[in-house]
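What follows draws every value from the coordinates through simple rules; no lab data is involved. Quick caveat, the model's predicted, so the values are computed rather than measured. Counting neighbours? That spans all protein chains shown, and the Cβs are built from the backbone with ideal geometry, glycine included.
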Amino acid sequence: MNLKKYLALLSVPTILLVISYRGQIVENFESNSFPTIQGKNLNKVKKSVPDDFVDKNLIAILAFQQWHQPIVDESIRILEKHQLEQDFNIIEVPTIAEFTKLGQMYLDGTMRAAIKDDYVRNRTITVYLNKESLREALEIPDEKDIYWFVIKKDSNEIIFRGVGVIQESDIEDIKNLS
């Protein structure tokens, strides 16, 4: 069963478990900087984005809605088709509103159950935070689409950004950044 079907299993009582859990953006930066955000990959390893991915340029794909997953998957397929994972760290970042610990455990477990591939689990960093604050920091107007960022090696500097599926026409520009 895929992630979409598992997430559809979330019931109203489960969603009502959502109360104020203080996730946060660690630092506020100017719009050309990616804020440090904390999360866990689907193998339960704490990760700091972008700080734990500084050995090469980072492509971070942020999704805000469950139905964004096919758009994220298509973008990653395009990146992998051009073998960009050799020169870039590529991660997907499901961005979820603040949840209780119990709610987080349930949702993380549901996603882990749906994703068996260890490589995909490692590159999927789930963050629970105030989404409005993150959107403000990154100048993202709404949650209608995915947003992706290329972050410079050894920094939090955004050197390229886009919205929606990463297009074939973006690939050459991204390659020139490595």
What is the set of long-range amide H partners of Phe34 at a cut-off below 5 Å, with H atoms built 1.01 Å from backbone N?
-> Glu157, Ile158
Measuring from label point to label point, each 7 Å out along Cα→Cβ, what is the Asp173 to Thr100 span in nm?
-> 4.4 nm
Arranged from highest to lowest average of other beta-carbon atoms within 10 Å per residue, in what order do the peptides 52-60, 107-115 appear?
-> 52-60, 107-115
Pop a pseudo-label 7 angstrom from the Cα along the beta-carbon direction at both Gln86 and Asn122 and give the gap in nm to one decimal.
-> 1.8 nm
Binning at 5 Å from 0, report for the range 62-178 what percent of all alpha-carbon pair distances ends up in each bin.
-> 2, 10, 20, 24, 21, 15, 7, 2, 0
Here are some pairs, Lys46/Lys175; Lys47/Lys175; Lys47/Lys116; Lys44/Lys153; Lys46/Lys153; which of them have Cα atoms lying more than 27 Å apart in this structure?
-> Lys46/Lys175
A chain fully extended from Ile115 to Arg77 at 0.36 nm per residue, minus the present Cα-Cα distance, gains in nm 12.1 nm
Taking θ as phi - 60°, what are the ³J(HN,Hα) couplings along the range 44-56 by the Karplus curve (6.51, -1.76, 1.60), each to the nearest whole Hz, with x for Gly and Pro?
-> 6, 9, 5, 9, 10, 9, x, 4, 8, 9, 9, 6, 8
